[in-house]
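Presented below is the structure to which this report refers.
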Amino acid sequence: MCGIIGIWAHEPVAQALCDGLTMLQHRGQDAAGIATAEGNHLFLHKGNGLVRDVFDAPDVMPGMRGSMGIGHVRYPTDGGYGVEGAQPLYVSSPYGIMLAHNGQLVNSQAQRDRLFGDGLRHLNTHSDSEVLLNVLADELQRIGSLHLGVEQLFAAVRRLMQRCRGGYAVVALIAGYGVLAFRDPHGIRPLVFGRRVAVRQPEYAIASESAAFDFLGFERVGDLAPGEAVFISAEGQLHRQPCTDDPILTPCLFEFVYLARPDSILDQILVYKARLRMGETLAKRILRDWPDHDIDVVIPVPDTSRTMALPLSYRLGVKYREGFVKNRYIPRTFIMPGQAVRSKSVRQKLNVIDLEFRGKNVLLVDDSLVRGTTACEIVQMARAAKARKVYFASAAPPVRYPNYYGINIPSVDELIAHDRTPEQVCERIGADRLYYQHLGDLKEVVCSGNPDIRDLDASCFDGRYIAGAMEAAVSRPRSVRVAGPV
């Protein structure tokens, strides 16, 4: 999970890119970067940390010239946490290309080996984003033209989609030519297109979520279709074209459960409304299995589950209360590196209001149960606050399988529900009862927002990998670590 944005405008775009990335900060807190173009000149600034920290120096924005550019906030799933993996990434040949990527390839090693085998390209990191960048550059290089035409560009993207498998959404900046964006043939990772009315021709933006447009004044036009590419030329001419023959829209289910902002619209589905329906459906399941429940109060685990917990409490006919105070200065624990860091951060991030727990049977509601880190900690906190009984409800089904399409669920060893029954998970987190959402119910409430979606990528729940599973690595790249910019 990362956040990407691209903008073409009549005025310098660096500040708008920075503001857009701030709206996407929840998608990545490890690193941030912006690239802009003025004529044939490219400008890049990136580093580890939050957007506000990376772009805090007063001399950064004046140096980022140009009216078109791209940006990225990073949450690593491949390539490690070093600054060398911060994006956008750059390759000088052909033309000069900057690229930012959200997602993950499942055949990254095969493409890496092919690029090395050709002997024409050197990869300096383990990042699959660098693989994507070089595959695009390789296909453009094969065109062998001094001038890049729109049809040639789309042809290169088409060949990239034939070579690269996985879930990916990409924005790229080609020096002297324009802004390119494309989405994988299954539409697993989101990519939204926006337009802003200007005195002259319209201005355009592409982003991971529509919420990035609201502050910038762009109107959401719609989503890129699976396998579709969009190109905005340096002159502001808009071109759109499908680049795959068999597109199948199967967006990531976990986006709607946890990753996306509730005020975003993805694939015509309002995330907020989908989460309301998740809470209603989960309440129906609890009432069906436990009609004479003794729940006194429903308490959400902030923040995502608040939207789900409200309709759930209403359906159950019990009070909704805020039992946890959240420290806004602690990042999302799900995307933190390492179990020890995540466990410590739960206690730093959440503090209990004892009054809401003391002597009560409490139902804690969370969006999902992945590693169980948060669940174990907050159940202990509830008991320490003198709750009589502690029940737990997950708005998502058990997460039992790795995710290979851009979410940091790389190993079954970290998944609390893998090879465990719900009863065993309940015992492990220390709760008195545990309720999961049914996968069929979850798919139904999400897809009801867009009847054209026939299925969703639910691989972390059902182990079915619509774009293929991760291929085993057979070799490692010959990497070179450098002390400064390449």
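Throughout, read-outs are computed from the coordinates displayed, never taken from laboratory work. Remember, predicted model here, so these are calculated numbers, not experimental data. A quick note on method: Cβ atoms are made from the backbone with ideal geometry, for glycine too, and the neighbour counts reach across all protein chains shown.
By the rule of a C-alpha distance below 28 Å, with chain neighbours fewer than 8 residues away ignored, the lysines paired with Lys389 are Lys284, Lys319, Lys326, Lys344, Lys349, Lys360. The angle between the Cα long axis of helix 306-316 and the main principal axis of the chain comes to about 30°, on a 0 to 90 degree scale. Sequentially through region 43-56, phi angles give Karplus couplings (6.51, -1.76, 1.60; θ = phi - 60°) of 10, 9, 9, 7, x, 6, x, 6, 4, 5, 7, 5, 10, 7 Hz, Gly and Pro residues having no value and appearing as x.
Net charge around Thr281, counting only other residues with Cβ within less than 14 Å of its Cβ (Lys, Arg = +1; Asp, Glu = -1)? Neighbourhood net charge equals +3.
Could you sort 311-320, 54-63, 269-278 so that the peptide with the highest average Cβ count within 10 Å comes first and the rest follow in order?
Packing order, densest peptide first, comes out as 269-278, 311-320, 54-63.
In a reduced charge model with +1 at each Lys and Arg Cβ and -1 at each Asp and Glu Cβ, region 3-250 shows a dipole moment near 280 debye about its Cα centre. Between Ser448 and Leu146, what FRET efficiency comes out of the Förster formula 1/(1 + (r/R0)^6) with R0 = 56 Å and r the beta carbon distance, rounded to 0.05? Once the sixth-power term is evaluated, E becomes 0.65. The slack between Asp432 and Ala384, meaning 0.36 nm per residue of separation minus the straight C-alpha distance, is 15.8 nm.
Computed from label points 7 Å out along Cα-Cβ, the spacing between Val83 and His41 is 2.4 nm. Between amide H atoms placed 1.01 Å from N, distances below 5 Å from Ile409 occur with Asn403, all of them 5 or more places distant or on a separate chain. Helix 14-23 versus the longest principal axis of the chain: what angle, 0 to 90°, nearest 10, using Cα atoms? Helix 14-23 sits at roughly 20 degrees to that axis. Would you work out if region 3-250 is rounded, prolate or oblate? Take a ≥ b ≥ c from the square roots of the eigenvalues of the alpha-carbon gyration tensor; rounded if a/c is under 1.5, else prolate when a/b is larger than b/c, oblate otherwise. Cα axes put region 3-250 in the rounded bin.
Dipole check for the chain: with +1 at the C-beta of Lys and Arg, -1 at the C-beta of Asp and Glu, and the Cα centre as origin, the magnitude is about 1000 Debye. The amide H of Asp457, built 1.01 Å from its N in the peptide plane, has Cys252, Leu253 as neighbours under 5 Å, considering only residues 5 or more places off or on other chains.
Helix content alone sets the calculated 222 nm mean residue ellipticity of the chain: runs of n ≥ 4 DSSP H residues at -39500 (n - 2.57) each, divided across all residues, give -8500 deg cm²/dmol.
Working note: Karplus 6.51/-1.76/1.60 with θ = phi - 60° gives region 256-262 the couplings 7, 6, 9, 5, 7, 5, x Hz, where Gly and Pro are set to x. Take the alpha carbon gyration tensor of region 399-450, find the square roots of its eigenvalues, order them as a ≥ b ≥ c, and report rounded if a/c is under 1.5; if not, report prolate when a/b exceeds b/c, else oblate. In terms of gyration-tensor shape, oblate. Using the Cβ of Lys389 as centre and a radius below 10 Å, the other residues enclosed give a net charge of +1, where K and R count +1 and D and E count -1. Note that region 418-428 has calculated 3J(HN,Hα) couplings of 5, 6, 10, 7, x, 5, 5, 5, 4, 5, 5 Hz, one per residue in order, obtained from phi through the Karplus relation 6.51 cos²θ - 1.76 cosθ + 1.60 (θ = phi - 60°); glycine and proline are x.
Thinking of region 165-307 as a set of Cα atoms, what percent of all their pairs are more than 25 Å apart? Here the tail beyond 25 Å accounts for 41 percent of pairs.
Angle of helix 128-143 to the longest C-alpha principal axis of the chain, folded into 0 to 90 degrees and rounded to 10: 30°. Between Leu238 and His293, the distance separating the two model label sites (each 7 Å from Cα on the Cα→Cβ line) works out to 4.6 nm. Under a 5 Å amide H cut-off, with hydrogens placed 1.01 Å from N, Cys243 pairs with Glu228, Ala229 among residues at least 5 apart or on other chains.
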